[in-house]
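Worksheet for the structure shown next.
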Amino acid sequence: MEDDDDCPPVAVDLPPLATSPPATSSSDVSPVGVTVITGYLGAGKSTLVNYILNEQHGKRIAVILNEFGEEIGVERAMINEGQGGALVEEWVELANGCVCCSVKHSLVQALEQLVQRKDRMDHILLETTGLADPAPLVSVLWLDDQLESSIRLDSIITVIDAKNFRVQIDEHKNSSSFPEAFHQIAFADVVILNKIDLVKDNLEELEKHIHDANALVTVVRSVRCHVDLNEVFNRQAYGAKNSSHLQDLLDYSKSVPPSLRHDNSISTLCIYEQDPVHLAKVESWLEDLLWENKSSMDIYRCKGILHIHDSDQIHTLQAVREVYEVVPARKWAEAESRMNKIVVIGRNLDIDVLQNSFSGCKS
Amino acid sequence: MEKGGSESSLPCARCGKPAQLQCPKCVELKLPRENAAFCTQDCFRTAWSSHKSVHPKPNALASQQFPEGWRYCLKRGRVRSSQLPRFDWTGPLRPYPISPMRVVPDEIEKPDWALDGIPKIEPDSDLQKRVEIKSPELIERMRETCRIAREVLDAAARVIKPGITTDEIDRVVHEETIARGGYPSPLNYHFFPKSCCTSVNEIICHGIPDARKLEDGDIVNVDVTVYYKGVHGDLNETYFVGNVDEASKQLVRCTYECLEKAIAIVKPGVRFREVGEIINRHASMSGLSVVKSYCGHGIGELFHCAPNIPHYSRNKAVGIMKAGQTFTIEPMINAGVWNDRLWPDDWTAVTADGKRSAQFEHTLLVTDTGCEVLTARLPSSPDVFPWLKP
């Protein structure tokens, strides 16, 4: 049947070649940051999300409400279209495929689809409901660079109700349990200390409690979650080569006195070692701690810099629960004094055991 | 963005002058721009009578007269269509209609997805997070099942030749599996419509057996998993169809070697992430690339579970091998770029550049001193790989 094809149609404009096929172009564009928002019910997560969606900040931000662990389903993504401030709804299908022989979790595939469908996306917020332990979600979103994904995990934000937190801490003084909120604080890169207008006194003390648990976290105070978005987005907390984080670690000093609590609370410790260490030994040391659970310590996060034998590169170390990465970041500067420094956040941490076992990596 | 990339540098498909226009039909069909670019309306009109042959005729495939009930597979197997879906196909291969679902006799023990397509135990099992150390009794069952899976794959290998369809391969796999009392694990797994995967040429993995006849010069991977006595055994091999060009032979042989070299390092104490380093090193030395989107997996009473074993280098896979663990290693190696795309059936993974891809897979058991290849070749296995000849 040739009839349709006999007369040629009118040729149409050929757009410039710049629009190359998606497979190759996606790797040229820098990936879209994903921020995970945690926090207990009533802390102000929804307030933060609404603020971000409705504020005129000129950024195009998608908010996805995700019940992590609910594999099958369709997620609603709300997108602030930027300048106009118009809200657009998109539906993101979570493919219920065989997740296991696929390297990327269906959530990652759904986020990549969202990024691909939109011609421009500045950031993605993932609001999780009542997620007590963010670690499984982090291990799904912290993708290998090799995968050249169009998304990257930017940071974990925990919203805390300052008033409720105060109450929890006071109760804690009379019991052996620790406030549940500390678990989320331990994994957070940013804590938004919300509802400060309801707590008249002693915000410093609240912040100190937060920093005792997680010395690396940035605390942002807020009323009704009005925060500077530039402060909470694009933290690049999982970027191994992020220079400001590297500097933070170089400058990090043990000035935060570990009040030598040998209770079961969450705390931050710092391992320090001047002499160079062997990379292979550091890896085995980490794997014993994180994978083989050979001690009673429960390690949530590590961030550190390493001075490796026969290398002029600063190596950065990062771990979330059992997933870890050690990569060369840049050359040591002439003026820098070379050293190893590992900040460890977790429960039941024993600085002597950590320090001594790490020193074994020297020879 | 490349400098000067904003300026169209495509030549006219007819005369070679810089092109400003393109064929609207090619745009509609998402065909490659290279053959669709023209300098002027005149040149396009002149070229039309020969150019139009690049448009696939809508009823060209339908006119081949497929048997009643054969349809194109869509939506992960949940939808069938009588029309070839539209897609910017990455290479010359196209899907063909698939036959109706095959039946498994009642007396055969079935996994929990057999009836409704949804695995229930697998997704929520704690074995997705923890790598199981198998009991000797479980290991013995794995040996039996893996041996059956090997026999089934060998039976499929024996029928491969130009002119037979991948559906015919599926029929052999299906019948040989149930003849041994097993269930073909892929059948209805997340709605997968067939009893094995057949991946031809640019298909990386999860190709659906269909009405396409194998052609002289094709390569085809057959991926078999058998469920028997409550456990799964999983393996695959890539075969030559008739006379295959030298580049394809190299690709298939290198992929075979990648798996061999990976198996050679398996023993207690080795990190799972080392597997990717070995495979990547061998593939890159031959100028080939490693598929990153699909990985090896734990296997046993579950079809897919922990650990995840990526085949690419610099991965953050967690864990160390221990005696008593069982898992697959199944490198997919591409002649061109590593990137993959998914066909509209939502199963078939193809190379993004349309170049060929090969794969080999074994189910392995970590032993005290190394590993046992549970799906190893048998003395009776067909002699199809020239490099294995004495």
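The values are calculated or read from the model by the stated rules, or taken from the named source; none is laboratory data. Only a predicted model underlies this, so the values are computations on that prediction, with no experimental measurement involved. So basically every Cβ, Gly included, is an ideal-geometry build from the backbone, and we count neighbours across all protein chains shown. Please note that ligands, DNA and RNA were not included when accessible areas were found on the heavy atoms of the full protein model with its side chains. Shrake-Rupley method; radii C 1.70, N 1.55, O 1.52, S 1.80 Å.
Per residue of B:312-318, other chain Cβ atoms within 10 Å of the residue Cβ number 6 on average.
In terms of distances greater than 21 angstrom between alpha carbons, the cross-link table entries A:Lys104/B:Lys75; B:Lys161/B:Lys213; A:Lys294/B:Lys129; A:Lys59/A:Lys163; A:Lys303/B:Lys292 yield A:Lys59/A:Lys163; A:Lys303/B:Lys292. Top mean-square fluctuation among B:Arg147, B:Arg273, B:Arg86, Gaussian network model of chain B, C-alpha springs under 10 Å? Maximum fluctuation in the GNM of chain B, among the listed residues, is at B:Arg86. Think of the protein assembly as shown as having a plus end and a minus end, set by charges on the Cβ of Lys, Arg, Asp and Glu; of B:Pro119, B:Tyr227, B:Tyr294, B:Tyr294 sits farthest toward the positive end of this dipole.
Normalised by 2.2 N^0.38 Å, where N is the number of residues, the alpha-carbon radius of gyration of region B:87-145 equals 1.77. In this view, the solvent-accessible surface of B:Glu274, computed with a 1.4 Å probe and all protein chains in place, comes to about 60 Å². Looking at region B:146-296, the pairs of alpha carbons with a distance over 24 Å make up 38% of the total.
Largest mean-square fluctuation among B:Asn339, B:Asn243, B:Asn280, in a Gaussian network model of chain B whose springs join Cα atoms under 10 Å apart, belongs to B:Asn243. Which residues, if any, in region A:319-336 have at least 20 Å² less accessible area in the whole protein complex than in the isolated chain, probe 1.4 Å? Buried-area filter returns A:Glu322, A:Val323, A:Tyr324. Given 25 °C and 0.890 mPa s, compute D for region B:313-390 with the Stokes-Einstein relation, Rh being the Kirkwood radius over Cα pairs; round to the nearest whole µm²/s. In µm²/s, the coefficient is 155. Taking a quarter of the surface of the Cα convex hull of chain B, what do you get in nm²? For chain B, the mean projected area of the Cα convex hull comes to 21.7 nm². Solvent-accessible surface of the protein assembly as shown, taken per residue with a 1.4 Å probe and all protein chains present: 43 Å².
Using a Förster distance of 56 Å, how high is the FRET efficiency between B:Glu140 and A:Glu336, based on the Cβ-Cβ distance and rounded to 0.05? The formula returns an efficiency of 0.45 here.
When Rg and Dmax are taken over the Cα atoms of region B:215-264, they come to 13.9, 42 Å. Computed on protein heavy atoms with a 1.4 Å probe, the accessible areas place B:Phe327, B:Phe87 in the order B:Phe87, B:Phe327, largest first.
Computed packing ranks the peptides B:110-119, B:164-173, A:242-251 as B:164-173, B:110-119, A:242-251, most packed first, by mean other Cβ atoms within 10 Å. Charges were assigned to the Cβ only: +1 to each Lys and Arg, -1 to each Asp and Glu. The resulting dipole of region A:131-224 about its Cα centre is roughly 400 debye. Only Cα sites of region B:84-221 enter the Debye sum here, all with the same form factor; the resulting log10 I(q)/I(0) across q = 0.11, 0.19, 0.22 1/Å is -0.49, -1.21, -1.41, listed in q order. Across the options A:Val115, A:Ser253, B:Phe191, the greatest Cα extent toward the positive end of the charge dipole of the protein assembly as shown (unit charges at beta carbon of Lys, Arg, Asp, Glu) belongs to A:Val115. Shown for the protein assembly as shown is the translational diffusion coefficient from the Stokes-Einstein equation, using the Kirkwood radius over Cα pairs, a temperature of 37 °C and a viscosity of 0.692 mPa s: 115 µm²/s. Taking the centroid of alpha carbons for each part, region B:103-135 and region B:281-353 are 21 Å apart. Within 10 Å of the Cβ of each residue in B:289-296, the mean number of Cβ atoms contributed by other protein chains is 3. Our summary gives chain B a relative contact order of 16 percent, counting only alpha carbon pairs under 8 angstrom and 6 or more residues apart.
Pairwise inverse Cα distances across region B:78-119, averaged and inverted, put the Kirkwood hydrodynamic radius at 13.8 Å. Peptide B:44-51 has a mean of 3 when you count, residue by residue, the C-beta atoms of other protein chains within 10 Å of its C-beta. Each eigenvalue of the Cα gyration tensor of region A:234-363, multiplied by 5 and square-rooted, gives one semi-axis; in descending order these are 22, 16, 15 Å. The orientation-averaged shadow of the Cα convex hull for region B:210-342, equal to a quarter of the hull surface, comes to 9.4 nm².
Probe radius 1.4 Å, ligands and nucleic acids ignored: give me the carbon and sulfur share of the accessible area of the protein assembly as shown as a rounded percent. Carbon with sulfur: 51 percent of the solvent-accessible area. Given a 1.4 Å probe and the protein chains as shown, B:Cys15 ends up with an accessible area of around 60 Å². Mean projection of the Cα convex hull over all viewing directions, computed for region B:173-252: 5.9 nm².
Only protein heavy atoms count here; under a 1.4 Å probe, B:Met285 has an accessible surface of about 140 Å². What's the total accessible area buried between chains A and B, using a 1.4 Å probe, rounded to the nearest 100 Å²? When A and B are taken together, about 4300 Å² of accessible area is lost. Dipole magnitude for the protein assembly as shown: about 700 debye, using +1 per Lys or Arg Cβ and -1 per Asp or Glu Cβ, origin at the Cα centre. Diagonalising the gyration tensor over the Cα atoms of region A:131-221 and scaling each eigenvalue by 5 before taking the square root yields semi-axes of 29, 15, 10 Å, largest first.
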